[in-house]
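Written out below as structure tokens is the structure these notes cover.
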Amino acid sequence: AKLYANLHNNKKFLKIKVHFKMLEDMLGSIDFYDGFAKDFLKDPEMPAALRIFLEEKKAEKCSALNKLLIKRKWINHDPLRTKKIRKKLLQCSWQRPKIELDLVKDFYLQSIKGINIFFAETGNEFTDLEQQVHELRRKLRWLSIYPQALQGAIQFKTADDIETGTIEKYLIPEIVHSPFNVMPAPGSNTVFLFLKKNYFLSLSWLIAELGKLKDNGLRIMITTEALQGTQVITDNIALHKAYELNKTTDDGLKNIMSRAYSTCSLYFNEKNLDHLIADISTHP
């Protein structure tokens, strides 16, 4: 829905996108609290009260999701939301494969341009974990999600002379051999948009590195939230205690954002995203 809202049938896909975005946000919040509750359970130095707080927050979010599923007619309704969405899709004026992939290519190029601008506008450092580091990672992840969603219409260019150069350092085994970096089978598609494989893998490396740093930062932030949710404590004291529990210094978040910026700075200065798109062809 996010992709096609920018290609054609804008109004139909924007409405569908709104429905799915509500689910995505709710599921994301459940996963957020559930993941860290399980993480805290493995850490004997984390007070049990903090884990219980996170489990209670997860239960709240689950309850809210169940209400949303009923209110938005995903369950317990006839017709279901899914049936309505399928009806909407049948009403769309779909494009021929070549025209559609031309639009997808243009969308990729515009997305890459927007990501480059977003990073440039952060200045010389990251100062906000959520609005900068996490948001940049979200934007980058979409570039790797579209190929999976388009069911084989996007493939890798794997010619012997494909560029390596500065991106060789990103082609580490866990990235190269990751099942998430395998394109879907071409299937019945007759025309394809090709991405340069090594540049796609370098993108996956950056997403993975930012994910590790983001999770470290979020662990500090959710520890702070849990501390304030279980006792009367000031922001500064809660943050200081969160640093102690996570065995880091009082400039932990700043260090995380500094490392994230340095990682991104090198990657973007090499203009790797600008080389991602190869061409459109009828041969996989």
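Considering only Leu210, Thr190, Tyr243, and ranking their Cα positions along the charge dipole of the stretch 176-265 that arises from unit charges at the beta-carbon of Lys, Arg, Asp and Glu, the one farthest toward the positive end is Thr190. Measuring r between the beta carbons of Gln148 and Gln91 and using R0 = 35 Å, the FRET efficiency lands at 0.90.
To test your reading of the geometry: what angle, between 0 and 90 degrees and rounded to tens, separates the Cα axis of helix 97-120 from the longest principal axis of the chain? Once rounded, one gets 40 degrees. Computed from the Cβ-Cβ distance with R0 of 30 Å, the FRET efficiency linking Asp251 to His177 stands at 0.25. Positive end of the dipole of the chain (Cβ unit charges, origin at the Cα centre): among Ile85, Phe20, Pro44, the Cα lying farthest that way belongs to Ile85. Counting only protein heavy atoms and a probe of 1.4 Å, the accessible surface of the chain is 54% carbon and sulfur. The mean sequence separation of alpha-carbon pairs under 8 Å and at least six residues apart, normalised by the residue count of the stretch 1-153, gives a relative contact order of 20 percent.
Charge dipole (Cα centre; +1 on Lys/Arg Cβ, -1 on Asp/Glu Cβ; no other charges) of the chain amounts to roughly 1840 debye. Length available on full extension from Asn269 to Gln131: 0.36 nm per residue minus the Cα-Cα distance, which gives 47.6 nm.
Given (1) 20.1; (2) 20.9; (3) 21.5 as candidate values of Kirkwood radius over Cα pairs in Å, which corresponds to the one derived from the coordinates? So the structure-derived entry is (3).
What the Cβ-Cβ distance of Asn10 and Lys71 gives, at R0 = 30 Å and to the nearest 0.05, is a FRET efficiency of 0.75.
Computed over the chain with a Gaussian network model linking Cα atoms closer than 10 Å, the most mobile of Ser93, Ser202, Ser262 is Ser93. For the peptides 118-128, 97-107, the ranking by mean Cβ contacts within 10 Å, running from highest to lowest, is 97-107, 118-128. Mean residue ellipticity at 222 nm, helices only, the chain: -20500 deg cm²/dmol; runs of at least 4 DSSP H residues each add -39,500 (n - 2.57), and the sum is divided by the number of residues. Full extension of the segment from Ile233 to Asn116, taken as 0.36 nm per residue of separation minus the current Cα-Cα distance, would add 38.1 nm. Extension gain for the segment Thr158 to Glu56, taken as residue separation times 0.36 nm less the Cα-Cα distance, is 31.8 nm to one decimal. With the simple model of a label 7 Å out from the Cα in the direction of the Cβ, Asp43 to Asp102 spans 5.4 nm.
The values are calculated or read from the model by the stated rules, or taken from the named source; none is laboratory data. Keep in mind the model is a prediction, meaning the values are calculated, not measured. Note: ideal-geometry Cβ built from the backbone for every residue, glycine included; neighbour counts use all protein chains shown. All accessible areas refer to the heavy atoms of the entire protein, side chains included, with ligands and DNA or RNA removed. Shrake-Rupley method; radii C 1.70, N 1.55, O 1.52, S 1.80 Å.
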